[in-house]
Each structure stands twice: as C-alpha cells, then as structure tokens.
C-alpha cells in the first residue's frame, strides 16, 4: 500500500495528571484543548550521527546514530484563552464571584462642553468610569496627536458615572485615558510571568491518508503519549498581510499509551485500512481485552449517583431517628448511567428529623449515594413532570455523600419526577465558574408499596 498525505490534523490535548489551569481543574486524561482550525501540522524526526574515520583519505568507516528527537508542530489559525494559556504557560483568570469586579483600561477622544467631558457614547450601557482609578485628560490637536496640556482635578459624575466634571474649557478635543469597572464573569485575563512555562500533555491527532491505488481516504490516528510544549511563541498584531497564526511546537518524549503500560513510544500512528491486511511481528500499543482497567476511564461521562446498600444507615441530623436503606426500599434499586431509576419504595411515617415541616414527615423516600471529589456545595432542583422543566426554586446545601429525596406523599401521589443536582468546588454557586459536575435522577419506573394502606 502506498498513500499520500494532503490533509490537516485535528488535535486533542489531554491532561497528563490532575491539572489546574486558571480556576478550572482537569482530571488526568481529560481533554483540555481541541484544535480543529489548524493550518499546518508537521512531524519532524532528527538524530545525531557520528562516524569512525580512518585509512587513506580518512574516509568514513562506520556510523553510530543517537540522540533521536521527534517534534510535532501544529499551526493554528485561531486561538482561545485556554489555548494561549497552554501555549505560553500563562496563568488564566476567568471571572468569579470572589473577585466580582475588575478594572479594564480605556482610551477615548471626546469634545468638551463647559466644565464637562461626556463619555457616554464611548461606554456600554452597563459600564461606568472608575472614580478611584487614574484618570488623565490631555488636550489633543486636530489630527488626534496630544500636545501635553493636561486637565487637573477631574471628578466622575456620581449620577451617571459616564461624565467627567471640573474646570474644563468648552469646545476642546481631549484624549482621555481612564479605567472602567466590568463584571469579572465577562473578562478572561491571561497573566504571563517569569515562573510558568508550557506543560506536558497526552496528544492525539486525527487526519486522512489517501491510498494510491483507489483514492480511498483512510482515517489515520497519531498518538504522542508524552509531549512538552515549547514556551516560545510569537504573537503578531498587524493591519496588513496574512492574519497571525499560532504555533504549538511540541517535543515528544517516550511515554505509554493508555492501553499498553509496558512499552514506551515517541509516537504511534494507526492507519485504518483493510482489517485483513498482512501484519508484522510488531505488537500493537493499543491492545484490547475484556478485563482491561484504564484509570483515565474511571471518571468519564457516567452518573455520580450510586445505589445504596440496604444495610446503610440513613440518619438526618446529629440526633435523629435514623433509618436504614431497608426501611425505605423493598430491594436494591437500579440506577443507570443516565440516571434512570428503577425501585420499589416503602411507606415511611413520622420521620420527624427529615423535615421540620410535618407535611413532609411521611411518604416515600429515595436514598442515593454520590461521589464527586472536591465538591463543597450542591444546588438541587426538582421537576414535577417527567423530563420536564426544573421550575421549582433551587435549594443550595452543603455537599453530602448521601442524598434523600421525598418522591411521593404517603398516599402514593408522586411529587418528584426528576431531580437535577449541580456540584460546585466553592461556596459560590451563582454561576458556572465553580461548577464541577451536574447529573440528574429520573423516577419514571418506581413503585410505591402499600400506598393505599
């Protein structure tokens, strides 16, 4: 088989270990960055050769090769804040409610009226000039250049926050340098310092190789188990010529694929061709067996909810009339990865510690365990219709590995059809900045035993 290559690679960067970029945590094996807008992708190998020389003419007699290197370069046409953080090693701040406002620099040119410079047209509706930050207004020439005459004693109009007041001559052009206050949730801030550099990643690239004899495009997968991104970068900003591109230059190091922890490779290339094609004695680095255990797959997209053991004690409050799961359930429930519940629930009466509201102290209750590492808070929402809208008020509680929901009243009338739980790694739950997981339970296949008794 012969093939030609004239296609770009789509590239996925995955965390080599639990990694924090900005205020987001990425688990080992989790995709961190996906590039599907690359212009070029190049794999380049090199080695050093030394020779023994001698004899007449001191000719080369034998060669030794070593110091093999492999470099994978991806030139991307577009760049995201996360991509730049990975490329440069920069710190990434993405707004949160611990720092709910930040300063953003602005410059404007405006004409003055008597004792006033109005910057309303230069500001968005929700923006105001920060009165505590530096404010400079310098008189400008007709061509926009500044002459150096600066206004003193400027104040921000307290009513609008968009005007400067003071002793200001009328009908003059001013260059104004100032800061506005923005909600930090709409600001991504990249911080380049001298201490942080590009990191190590597990990289997988997908492309197409075209077979010569029939023109068939064969999928090809390139895997680099251990690459270090070079921290050199060029960030060009120009108004002419081609748009700036962003090069990810990666040095490949020997590493293990997820599927073969006994053999290190710099790179493995899979060409998906005829499955009956003749093979070689080389063993694959992506073997499969039915009993394999891959750590990176342990926490992928499955529900964090798990069925309880019937012997488990369900105790609400420090001093309460605790129940066991067997008091609430007829048998061990089934919870699918999509959160669909199959269970038979028992009627419970006078469970006084479940709620201070006497109307909620009897009914049918469903306990479930949950495991979300690093979670601190949970936002719980419910729907009274099957797979309906979560339109009831959300309840914010501390993270608890055992959740109990009152699914039906004591007469068997179902009051909860679905539950959605959002988990946060911070006390702040006002936006998705600190959200680390979200999952649902659906009670479409549940039975209420002795509901009419």
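We did not get these values from a lab; they are worked out from the coordinates using the rules stated. Since this is a predicted model, take the numbers as computed values, not measurements. Methodologically, a virtual Cβ is constructed for each residue, glycine included, from the backbone with ideal geometry; neighbour enumeration extends over all protein chains shown.
Descriptive notes on the structure:
- Efficiency of FRET from Cβ geometry, residue 195 and residue 270, R₀ 41 Å, rounded to 0.05: 0.60
- Its relative contact order, with pairs defined as Cα atoms under 8 Å and 6+ residues apart, puts the chain at 12 percent.
- The calculated pair-distance distribution of segment 305-448 uses every alpha carbon pair, bins of 5 angstrom beginning at 0, and gives 2, 10, 19, 22, 23, 16, 7, 2, 0 percent.
- Put a dot 7 Å past the Cα of residue 313, heading toward its Cβ, do the same for residue 238, and the two dots end up 7.3 nm apart.
- The gain in end-to-end length when the residue 121 to residue 106 segment is fully stretched comes to 4.1 nm, 0.36 nm per residue minus the alpha carbon separation.
- Mean separation of Cα contacts under 8 Å, 6 or more apart, over the residue count of segment 305-448: relative contact order %: 24 percent
- Its Cα gyration tensor gives segment 122-169 an equivalent ellipsoid. The semi-axes, each the square root of 5 times an eigenvalue, are 22, 14, 9 Å from largest down.
- Stokes-Einstein diffusion coefficient of segment 101-185, Kirkwood radius over Cα pairs, 10 °C, 1.306 mPa s, in µm²/s: 123 µm²/s
- Angstrom value of the Kirkwood radius, inverse mean 1/r, which spans all Cα pairs in segment 39-96: 15.8 Å
- Share of Cα-Cα pairs in the chain lying beyond 32 Å, as whole percent: 63 percent
- Sequence of 351, 25 once ranked by neighbouring C-beta atoms within 10 Å, starting from the fewest: 25, 351
- Applying 1/(1 + (r/R0)^6) with r as the Cβ-Cβ distance of residue 24 and residue 332 and R0 = 35 angstrom yields a FRET efficiency of 0.45.
- Two-site label geometry, residue 438 and residue 391: point separation in nm, points 7 Å out along Cα→Cβ: 1.9 nm
- Extension gain, residue 61 to residue 10: 0.36 nm times the residue separation minus the Cα-Cα distance gives 13.9 nm.
- For q = 0.14, 0.17 Å⁻¹, Debye-computed log10 I/I(0) when each Cα of segment 64-223 counts as one equal scatterer: -0.87, -1.06
- One quarter of the surface of the convex hull around the alpha-carbon atoms of segment 19-133 equals 16.7 nm², the direction-averaged projected area.
- In terms of surrounding Cβ atoms within a 10 Å radius of their Cβ, 59, 165 rank from fewest to most as 59, 165.
- Cβ-derived FRET efficiency at R0 30 Å, residue 3 paired with residue 230, nearest 0.05: 0.50
- Residues of segment 106-124 with amide N under 12 Å of a point placed 7 Å along Cα→Cβ from residue 155: none
- Label separation (residue 355 vs residue 69): 6.7 nm, computed from points 7 Å beyond Cα along the C-beta direction.
- The sum of -39500 (n - 2.57) across all DSSP H runs of n ≥ 4, divided by the residue count of the chain, sets its helix-only mean residue ellipticity at 222 nm to -500 deg cm²/dmol.
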